[in-house]
Amino acid sequence: MKQYLAFLLGAVLLLGTGCNNNKEKKEGSTENKEAPALKAAGDITGTYATKENDMPMEFILNADGTGNENYHGEMRPFTWLQKEGKVFFTYNGEPTQWELPVDKEKGEIHYGALVYKKK
């Protein structure tokens, strides 16, 4: 059941980032508008890892606002930003934005029932 929910979440997220148009790109993307927040969020960048059914799972947050999720060996790229003290990400090609619950002090991401630890 966990795998089905994770797959369903991934599928929904993949459909969420394709809504940007050329006008938005010319004026500056959301990532560019949030650049100061990303610089301030430098302590959350890095690789967070866990395992599910002995399969690797990772969230990789780059300082430039890009990232990847390694879901059982499948790399799923996304963009992320920090606003109002929270971290949000959108899978490439999907319109839906999701909150990524990062605990800066513990170096953890709690996503569903999984806990990703910062490497």
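Computed from the coordinates by the stated procedures, all read-outs in this text should not be read as laboratory data. Just so you know, these numbers come straight off a predicted model, no measurement behind them.
For the reader, a short list of remarks on this structure follows.
- For the stretch 62-119, the percent of C-alpha pairs falling in each 5 Å distance bin, counted from 0 to the bin holding the largest distance, reads 4, 16, 26, 34, 15, 4, 0.
- Fully extending the segment from E105 to K117 would add 3.2 nm, taking 0.36 nm per residue of separation and subtracting the current Cα-Cα distance.
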